[in-house]
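Each remark here refers to the structure printed beneath this line.
Coordinate-derived values only; no laboratory data. As the structure is a computational prediction, the values presented were derived from the model and not from experiment. Cβ atoms come from the backbone with ideal geometry, glycine included; neighbour counts cover every protein chain shown.
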Ligand SMILES: [Fe+2]
Ligand SMILES: [Fe+2]
């Protein structure tokens, strides 16, 4: 990777951290966000890890659009992305099935967001309410910010699984390496 690419990535990472701190600190410091890191999500991830992935991806899309002179409401994107799945917390007690969870958690996430930041601007509510689109029984996103977070949500869901798989299950290469290592040592004994 060239130095220029490395610098650009580091710069983007810093910008994401700055925007998350500027617009999302109250949410990131909340008890709800803390417990999100112990609530399972997408089989091998947690609501907390998934949430941060969605927020980072959404911001990254916003910065790309900005280069094309397409403006986005960064505050709405950060609040919406950070709160979009907080309604899932306590899912085992709240929902009778995956289907019920999928259909009802956006409305519950809106309630959690209102508790954390007060009355929501229309765009923020749009982001949270419609992030499941085109799945569940979600309505169509009305703003570009809601479309961005909905797209980032799908991309992050795939990454959640891949990252969790890498972390929790040894890959084929790892298994082969371990087996070769064992054989080598058994031969030497
Ligand atoms: Fe969701
Ligand atoms: Fe999500």
Full extension from residue 107 to residue 18: what is 0.36 nm times the residue separation minus their Cα-Cα distance, to one decimal in nm? 29.2 nm
Zone residues, segment 70-87, relative to residue 38, backbone N less than 13 Å from point 7 Å out along Cα-to-Cβ: none
Roughly speaking, what is the stretch gain from residue 98 to residue 71, that is 0.36 nm per residue apart minus the C-alpha to C-alpha distance, in nm to one decimal? 6.1 nm
Assign one of three labels to segment 3-188, namely rounded, prolate or oblate, based on the Cα gyration tensor with a ≥ b ≥ c the square roots of its eigenvalues; rounded applies when a/c is under 1.5, prolate when it is not and a/b is larger than b/c, and oblate otherwise. oblate
Folded to 0 to 90 degrees: helix 172-188 orientation relative to the chain principal axis, Cα: 20
Helix 74-83 versus the longest principal axis of the chain: what is the Cα-based angle in degrees, 0 to 90, to the nearest 10? 60
Between residue 119 and residue 142, what is the label-point separation in nm under the 7 Å Cα-to-beta-carbon projection? 1.6
